[in-house]
Amino acid sequence: MSSSSSVNQAREALGQRLRELRLDAGLTARALAALCGWHESKSSRIEHGKMTPSDEDLRAWATHCHVSDQTPDLIAVARGIEGMYVEWRRMERTGLKRAQESVLPLWERTRHFRAYASWLIPGPLQTEAYIRALLTAIRDRRQLPDDLDEAVRVRVAKADVLRAGGRRFAVILEEGVLRHRIGSQETMAEQLGHLLAVAALPSVSLGVVPFSADRSGLWPVEDFWVFDQEQVNVELVSAFLTITQPHEVEMYSTTFQELSRMAVFGGNARKLIGAAIQALG
């Protein structure tokens with residue numbers, strides 16, 4: 001799926017939702033347009049996904065369809081459409097540094113971070129050697145301009161947020177993350193040792209879902225970050241997905257809670273990390 005086709009589908013989905021609200025209210029497109037004070041064609045363009053409605057458009061639509069309680073959700077959907085799906089090749093066209101810098105404002109304003117990882121240790125918990133090995137592989141695989149050193153510096157600096165104060169980090173890893181080697185054995189051993197140190201920070205809660213966990217209720221899902229209760233970021237193979245619709249953010253929050261219930265913490269988590277270090281030989 002391309003970035004543009006994804007945005008178009010999202011617009012169409014929002015338009016269909018607005019059409020259903022209008023029909024449920026017993027209004028024709030012409031009647032709604034008259035109530036909102038705009039041309040009938042505008043209602044048609046919105047409902048057919050030809051344009052993204054403004055905040056004021058959505059407030060008027062919800063008010064005259066008697067669903068004002070849905071206004072915040074509708075506005076969140078509309079605001080997220082243009083930036084919801086960004087292909088890596090678009091974000092990384094000038095190199096890796098830009099992609100690393102793009103999330104800094106979000107990180108600076110977030111106070112409660114929740115991360116789930118099924119294959120890779122999350123960014124702020126990574127060592128410089130692990131970061132370099134990972135970004136080198138991405139640069140080579142995607143044939144990107146070489147700004148590796150600058151990108152590594154930005155990503156390393158982002159880890160300062162762990163000790164900045166006033167923030168909480170809850171991280172859930174699948175046990176397999178501890179066994180998926182990135183870089184040399186020495187790099188991976190250093191990374192796992194660093195993970196033990198980071199887990200001891202008062203601002204960090206680290207859980208590991210063991211191989212032995214009962215997965216009948218919930219199996220591994222895509223890696224994701226939840227920033228406060230405002231936004232979810234998901235990294236796909238081809239693109240970067242941003243989710244802001246409240247009910248979808250809540251779904252990820254619920255999933256994180258369920259994964260947390262399957263995870264082990266404290267001494268039991270440290271034992272799994274230690275076993276992964278020993279397995280490196």
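Among the strands (runs of 3 or more DSSP E) lying completely within region 176-281, list those that include at least 1 residues that are polar (S, T, N, Q), within 29 Å of W88 (Cβ to Cβ) and in contact (Cβ under 8 Å) with a residue 12 or more places away in the chain. Break it down stepwise before answering.
Working: elements: 204-209, 224-227, 231-235, 239-243.
Result: 231-235, 239-243.
Taking the conditions exactly as written (touching a helix residue (DSSP H, G or I) at 6+ places or on another chain (Cβ under 6 Å), within 29 Å of L241 (Cβ to Cβ) and not in a helix (DSSP H, G or I)), does G15 satisfy them or not?
Values: touching a helix residue (DSSP H, G or I) at 6+ places or on another chain (Cβ under 6 Å): yes; within 29 Å of L241 (Cβ to Cβ): yes; not in a helix (DSSP H, G or I): no.
Taking the combined requirement at face value, the residue does not satisfy it.
Residues checked against (1) of a type in the set (D, E); (2) surrounded by fewer than 18 Cβ atoms within 10 Å (Cβ to Cβ); (3) modelled with pLDDT of 90 or more:
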position: Q16; (1), (2), (3): no, yes, yes
position: R22; (1), (2), (3): no, no, yes
position: A33; (1), (2), (3): no, no, yes
position: R45; (1), (2), (3): no, yes, yes
position: K50; (1), (2), (3): no, yes, yes
position: R59; (1), (2), (3): no, yes, yes
position: A62; (1), (2), (3): no, no, yes
position: M91; (1), (2), (3): no, yes, no
position: T94; (1), (2), (3): no, yes, no
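In region 59-91, what count of residues is obtained for those that are touching a residue at least 40 places away in the same chain (Cβ under 8 Å) and hydroxyl-bearing (S, T, Y)? Steps first, please.
Narrowing region 59-91 to residues touching a residue at least 40 places away in the same chain (Cβ under 8 Å): 61-62, 65-67, 70, 72-74, 76-91.
Now drop any that are not hydroxyl-bearing (S, T, Y), which leaves 85.
Total satisfying the criteria: 1.
For L120, are the conditions met, namely being closer than 23 Å to R163 by Cβ, assigned by TED's automatic domain parsing to the domain that holds D223 and in a loop (DSSP other than H, G, I, E, B)? Spell out how you get there, then give the answer.
Values: closer than 23 Å to R163 by Cβ: yes; assigned by TED's automatic domain parsing to the domain that holds D223: yes; in a loop (DSSP other than H, G, I, E, B): yes.
Considered against the rule, which asks whether it is closer than 23 Å to R163 by Cβ, assigned by TED's automatic domain parsing to the domain that holds D223 and in a loop (DSSP other than H, G, I, E, B), L120 comes out as yes.
If you check every pair at least six apart or on different chains, which have Cβ atoms under 9 Å apart with a residue in region 42-58 that is over 14 Å from V77 (Cα atoms) first and a residue that is outside any helix (DSSP H, G or I) second?
Filtered contacts from region 42-58: K42/M51; K42/P53; S44/K50; R45/M51.
The values are calculated or read from the model by the stated rules, or taken from the named source; none is laboratory data. Since the model is a prediction, treat every value here as computed from it, not as a measurement. For neighbour counting, all protein chains shown are included, and Cβ atoms are generated from backbone atoms with ideal geometry for every residue, glycine included.
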